[in-house]
Amino acid sequence: MERRSRGLTVIELMVVVAILAVLSTIAAPSFQRMLDRHRLQAAANQLKADLLHMRSESVRRGESLYLTPTLGTNGSCYVLHPGKDACQCAADGSSTCSAGVQPLRVATFPIGRTPQLTAFDSGNSSYVVHPRIGVFGRLGTLYLSGQDTRLGVTVSNFRARVCTPDVDCPP
C-alpha cells in the first residue's frame, strides 16, 4: 500500500524561508528608493495643490494671499497666509503671525526625513496672488529634494506645475 505525503517537511519550509529572506534583503534598498520617490512626488503635488488653492482662495476672498517658504538648519517649511510679511514658519512646524492673522496652511519638512524643501528662486521671500485676476505676482521655482531625486514646482502667471530640474524646469 502506498503512503501519500501530506504537507511539507520542516527542511522544505526552512529552505523556502531562507529563499524569501535572501530575496527581501536584495529588494529592500530598491523598495526604499521607490518609497522616497513617491514621498517626493506626493510633497511636490501637495505644494502644487496648495499654490492652486491659494490662487482660488485669493479670488474668492478678494484679498492677496502669500506663500512664504523658510529654509532652516532644523528643516524647512512653508506657510500660506493673508497679509504681506504677516506670517513666518519655523522648521519645527510652528508658525508665528501678526495679531489677528490666521495661517491657511503650514507644511513642514523636518531635517533627517525626506523630502526637504531645499531652495526657491523667486528672488523674493514670498509668492503672492493678486485677487482681482488670480495671477501670481512673483514667478519662480520651489525645489524639493529626496535621497537621490529632485523635483521643482514652477509658479508661472496663472498656474503651478511640477517639473524635473535640468529637464523641464525653466532656468
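The values are calculated or read from the model by the stated rules, or taken from the named source; none is laboratory data. From a predicted model like this one, the values you see are computed outputs, not experimental measurements. Positions of Cβ are generated from backbone atoms using ideal geometry, with glycine treated the same way; all protein chains shown enter the neighbour counts. Accessible surface areas use protein heavy atoms only, side chains included; no ligands, DNA or RNA. Shrake-Rupley method; radii C 1.70, N 1.55, O 1.52, S 1.80 Å.
Ordered by 1.4 Å accessible area with all protein chains kept, 148, 166 run largest first as 166, 148.
Does the stretch 122-162 come out rounded, prolate or oblate, given a ≥ b ≥ c as the square roots of the eigenvalues of its C-alpha gyration tensor, rounded meaning a/c under 1.5 and, failing that, prolate meaning a/b above b/c?
On the way: a/c = 3.87, a/b = 2.21, b/c = 1.75.
Cα axes put the stretch 122-162 in the prolate bin.
Largest accessible area first, the listed residues 34, 54, 14 line up as 14, 34, 54 when surface is computed with a 1.4 Å probe on the assembled protein chains. Within the assembled protein chains, the solvent-accessible surface assigned to residue 85 is about 90 Å², based on a 1.4 Å probe.
Residues considered: 106, 16, 59. Largest GNM mean-square fluctuation over the chain, using C-alpha springs under 10 Å, is found at 16.
Can you tell me the orientation of helix 10-61 relative to the chain, as the angle in degrees between its alpha-carbon axis and the longest Cα principal axis, to the nearest 10? Rounded to the nearest ten degrees, it is 10.
What dipole magnitude, in Debye to the nearest 20, does the chain give about its Cα centre under +1 on Lys/Arg Cβ and -1 on Asp/Glu Cβ? Walk me through the numbers on the way to the answer.
Details: 18 positive and 12 negative charges, 95 e Å.
The calculated dipole for the chain is roughly 460 debye.
Taking a ≥ b ≥ c as the square roots of the Cα gyration tensor eigenvalues, with a/c under 1.5 meaning rounded and otherwise prolate when a/b beats b/c, else oblate, which class fits the stretch 29-93? Judged from the Cα gyration tensor, the stretch 29-93 comes out oblate (a/c at least 1.5, b/c at or above a/b).
Comparing 97, 87, 77 in a Gaussian network model of the chain where C-alpha atoms under 10 Å apart are linked, the largest mean-square fluctuation is found at 97. Going through (1) 16.1; (2) 10.7; (3) 9.0, the figure that equals mean projected area of the Cα convex hull in nm² as computed for the structure here is (1).
Provide the three semi-axes, in whole Å and in decreasing order, of the ellipsoid equivalent to the stretch 99-171 as defined by the square roots of 5 times the Cα gyration tensor eigenvalues. Show your work: numbers first, answer last.
Working: eigenvalues 106, 71, 17 Å².
Rounded to whole Å, the semi-axes are 23, 19, 9.
Placing 130, 38 in order of accessible area, with the largest value first and a 1.4 Å probe, yields 38, 130. Taking every C-alpha pair closer than 8 Å and separated by at least 6 residues, the mean separation divided by the residue count of the chain gives a relative contact order of 19 percent.
Between 28, 90, 43, the GNM of the chain built on Cα springs shorter than 10 angstrom shows 28 fluctuating the most.
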